[in-house]
Amino acid sequence: MSSTPTITLSSAIVAQHIDHTLLKPEATAADVTALIAEAIRLGTYSVCVSPSMLPLCIPAGSDLKVAVVCGFPSGKHHSVIKAAEAALAIAQGADEIDMVIDIGAAEAGRFDDVQADIAAVRASIPAPKVLKVIIESAALTDAEIIAVCQAAVAAGADFVKTSTGFHPAGGATVHAVRLMKETVGDRAQVKASGGVRSYDDALAMLAAGASRLGVSGSAALLSGATPTVLTGAY
């Protein structure tokens, strides 16, 4: 008889799934330098910053990745601009691009346009560079979430991501993460971001199917960690 897999998660393991994020408009170069130092100390997977902060100075010997947002936070930029922004970010040292779709196009049912928008960015940053697609799940219906995730996979995205963290509709939910993972299956991964503030939040998102977490308060989140046995999608 098969059993549901379990794994014991420590704060160090959870940290390896975190994109340590600083996207405040008032962020300075000194803030980003501090972000990088904290990310290395905490052992996060990456830092996630605005494109104007590039290039970053990552200490020699560190395997810290650099993620950069694109078309952020509204997603209303022309696809040509998003593609150029993504390509420039990669040229300036980014490893991953987190792009925002046109939420209005999704709400209007124009999923071919959503797919074309994603495909334009994908074409500008060929694999193995990583493309994450922010769908703003809290602003969409379940049917729209499914359709947008299908478009993202068809366009070659590596991840679908819940939220910018800037939309008034809200951020990640366990329901949205689970639905997104059920939709993309093994064809893409899921990033939960927006409102992931506690260790319990992080565990819930990982259990629902997320493999990456966007977190701005990573130190506070990880400070609340206790070794936990997680059962389910993770």
Roll a 1.4 Å probe over the protein heavy atoms and report the accessible area of residue 72 in Å², nearest 10.
40 Å²
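Compute the Cα gyration tensor for the range 69-189, then decide on rounded, prolate or oblate, letting a ≥ b ≥ c be the square roots of its eigenvalues: rounded whenever a/c is under 1.5, prolate when a/b is larger than b/c in the other cases, and oblate in all that remain.
Since a/c reaches 1.5 and a/b is larger than b/c, the shape of the range 69-189 is classed as prolate.
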Taking square-rooted eigenvalues a ≥ b ≥ c of the alpha carbon gyration tensor, is the range 11-85 rounded, prolate or oblate, where a/c under 1.5 means rounded and, failing that, a/b exceeding b/c means prolate?
prolate
The correct pair for the chain, radius of gyration to one decimal and Dmax as a whole number, both in Å and from Cα atoms, is 16.8, 56
For a quick size check, give me the Cα extents of the range 108-153 along its three principal axes, largest first, whole Å.
31, 18, 13
State, to one decimal in nm, how far the label point of residue 38 lies from the label point of residue 220, with both points 7 Å from Cα in the Cβ direction.
1.0 nm
Net dipole in debye of the chain [+1 Lys, Arg Cβ; -1 Asp, Glu Cβ; about Cα centre; nearest 20]:
280 debye
Given Cβ point charges of +1 (Lys, Arg) and -1 (Asp, Glu) and nothing else, what value in debye, to the nearest 20, does the dipole of the range 29-107 about its Cα centre take?
100 debye
Probe of 1.4 angstrom, ligands and nucleic acids ignored: what's the accessible area per residue over the chain, in square angstrom?
43 Å²
Length gained when the stretch residue 62-residue 24 is fully extended (0.36 nm per residue, less Cα-Cα span)
11.2 nm
Charges on Cβ only, +1 for Lys and Arg, -1 for Asp and Glu, centred on the Cα centroid of the range 38-171; of 157, 77, 60, which one is farthest towards the dipole's positive end?
60
Taking every alpha carbon pair in the range 121-208, what does the distance histogram look like in 5 angstrom bins from 0, in percent?
3, 16, 27, 24, 18, 9, 3, 0
Förster radius 30 Å - calculated FRET efficiency between residue 12 and residue 116, Cβ distance, rounded to 0.05:
0.15
From most to least accessible, 1.4 Å probe, no ligand or DNA/RNA atoms counted, 180, 53 line up as 53, 180
P(r) for the range 38-124: what percent of alpha-carbon pairs falls in each 10 Å bin, starting at zero?
18, 43, 26, 12, 2
Averaged over all directions, how much area does the convex hull of the C-alpha atoms of the range 18-60 cover when projected, in nm²?
2.9 nm²
Taking the Cα centre of each part, how many Å lie between the range 77-124 and the range 17-55?
22 Å
I need to check one value: relative contact order of the range 105-234, counting alpha carbon pairs closer than 8 Å and at least 6 residues apart, in percent.
20 percent
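The values are calculated or read from the model by the stated rules, or taken from the named source; none is laboratory data. A quick note: this is a predicted structure, and the numbers were derived from the prediction, not measured. For neighbour counting, all protein chains shown are included, and Cβ atoms are generated from backbone atoms with ideal geometry for every residue, glycine included. Areas reflect the complete protein model, heavy atoms only, side chains present, ligands, DNA and RNA absent. Shrake-Rupley method; radii C 1.70, N 1.55, O 1.52, S 1.80 Å.
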